[in-house]
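Enquirer: My structure is below; once you've seen it, I'll send some questions.
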Amino acid sequence: MLKRTEGIVLRNRPHGDADLIVTYLTSDSGIRSLYARSPRKVGSRFGGSLEPLTYARISFVGKEQARLPRLIQSDIIRPFNTLREDMDSFVRVSEALELTVRLIPEGEPSGRAFRLLLEVLSSLEHTPRNTLLLSFYKVRLLDLTGFAPRVGGCARCGAETERFYPGEGATLCRGCGEGAGGFIELHPSVKRLYSYLLRTGPSTINRLRLTDAVYTGLEGLISSHIGHTVVERLNTREFAEVLRTC
Ligand SMILES: [Zn+2]
C-alpha cells in the first residue's frame, strides 16, 4: 500500500548505523512513525527534509497495520529552519513537539492538532522570541486532546477559588481541596489569560502585552499540570536542564 500525505517532523531517532525513525504529525492520520533508509548517508534523496519541524509532502509504503511503514519520498513544503537555528528557541519548541508525541495517540486522525501546530510554527517564525505562542499551543493541544486543566471556580462545588491543585488537574476551594495535595495560587489575571487562550487564535497572541508575573503564573499552571497529569517529566525538559548545566 502506498500512501501520500503531508506531515510535520516532530522528532527523529537513529536506527542502526545510517537509518532513522522519523515521527510526524500528519494532516490526516495523526502521529505516524516511519522508517527512513540511509538518510544519514551523503547524497541521500531525503536531504535535510527529515529535520524536526520540517513541513513536508511525504509518501510511504507498508501494510495497513505495519508497525513501521517505510518512507520513500519527502519533499519540503516549508523547512522552518530559522526555528532550529537558535538553540534557545529550538529547545522550547522541542518541548512542545515532545508533548504532541505524548498526547496524540499514534494513527488517530487529528487534523485540528495538525493545523494548530502549523499555524503556531508559522507565527513563531515571524516572532521566534514570543514564547507565549508556545504556551498558547500547549493550552490548545491539552484542550484538543481532552487533557486540559479545569480552571475557573471550584470544580466540585462551584465556589470562587484561586487554588489550582495539580494532582486533581482542577481549581478547588479550600474545603473541597482538603487532602488533595499541594496547590498553587493563581492570580485572577492568570485565570483570565488562560480562558482567553482557549478561545483566541495565534494571530492575536503577538498583540498581547503581559507582565512577567502573569506570564510566569501561566507557565507555572501549564507545567505543573503537565507534570502531574500527563507525564512525570518531558524528555526535552531534561535535555534543557542538561544544556543549562553545560
Ligand atoms: Zn468546593
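Read the figures in this text as sums done on the coordinates, not as results from a lab. Bear in mind the structure is a predicted one, so any value in this text is a computation, not a measurement. Positions of Cβ are generated from backbone atoms using ideal geometry, with glycine treated the same way; all protein chains shown enter the neighbour counts.
Enquirer: DSSP loop (so not H, G, I, E, B), at most 12 other Cβ within 10 Å: list which GluC sites (Glu not before Pro) in region 118-176 pass both filters.
Expert: Here the GluC sites (Glu not before Pro) that fit, given the DSSP loop and packing criteria, are 160.
Enquirer: Now, a different point. Net charge near residue 214, counting Lys/Arg +1 and Asp/Glu -1 over other residues with Cβ under 11 Å of its Cβ?
Expert: Surrounding charge for residue 214 is +1.
Enquirer: Can you show me the helix-derived [θ] at 222 nm for the chain, built from DSSP H runs with n ≥ 4 at -39,500 (n - 2.57) apiece and divided by the number of residues, rounded to the nearest 500.
Expert: -11500 deg cm²/dmol
Enquirer: Running a GNM on the chain with Cα contacts under 10 Å, which residue among 220, 201, 16 ends up with the highest mean-square fluctuation?
Expert: Of the options given, 16 has the highest mean-square fluctuation.
Enquirer: Rounded to two decimals, what is Rg over Rh for region 2-79 when you use alpha-carbon atoms and the Kirkwood radius?
Expert: Computed over Cα atoms, the ratio is 0.92.
Enquirer: Could I ask something else about it? Using only the alpha-carbon atoms, what does the chain span along each of its principal axes? Please give whole angstrom values in decreasing order.
Expert: Principal axes ranked by extent give 62, 36, 36 Å for the Cα atoms.
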